[in-house]
1. Counting other beta carbons within 10 Å of each Cβ, put 61, 4, 24 in order, fewest first.
2. Regarding the range 1-80, what's the average projected area of the Cα-atom convex hull, expressed in nm²?
3. At what distance in nm do the modelled label points of residue 146 and residue 33 sit from each other, each positioned 7 Å from its Cα along Cα→Cβ?
4. Sort 37, 62 by Cβ crowding within 10 Å, fewest neighbours at the top.
5. By average Cβ neighbour count within 10 Å, what is the ranking of 101-110, 43-52 from highest down?
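Where a number appears in this text, it was derived from the coordinates with a stated rule and is not lab data. A quick note: this is a predicted structure, and the numbers were derived from the prediction, not measured. Quick reminder, even Gly has a Cβ in these numbers, built from the backbone with ideal geometry, and neighbours come from all protein chains shown.
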Ligand code: SF4
Ligand code: SF4
């Protein structure tokens, strides 16, 4: 049959030489390759003790932002969920009461907001779609590994930022810069 790629190779059942029959040269060659890598410079890092520097444009873990007064920006409009190609976002909207005025910026807010990190492909479309600048993907945090599937559902307890940082400084050397990260401890969440 004609090869479509032009890379077809015909297999020939040729007889092995004495050297090939002994296997020793092949074993020594294999061990040499192993030793070369064993003493060579490692290409891996000992995560999580050692972390690689991410690109400033890296899209990592999501953060739900607050405004300058500390009120949550999200108004539960659902545009992020609609734009999500992985259907990873779900939310339940609620109406703000008089007592909650300082907690939420808009009259409608997300009482429940969840992202399924097993579905998320970190494309950033939710960030693009948000009209309130309420959701961003940070450049220095990744969704941590876990043994329980349920722990990959990130609710507001994990997503809403704990410390307020101005919008527009999430990526590109903003408050989540390397110095800031180390200042807050390598293994601690900074949100
Ligand atoms: S980053 Fe992409 S896949 Fe993940 S929640 Fe946002 S829109 Fe969905
Ligand atoms: S994060 Fe933004 S797009 Fe998503 S529901 Fe809240 S305000 Fe709407």
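1. Listed from fewest to most nearby Cβ atoms, that is 4, 24, 61.
2. Mean projected area for the range 1-80: 15.0 nm², to one decimal.
3. 4.0 nm
4. Listing 37, 62 from fewest to most nearby Cβ atoms yields 37, 62.
5. 101-110, 43-52
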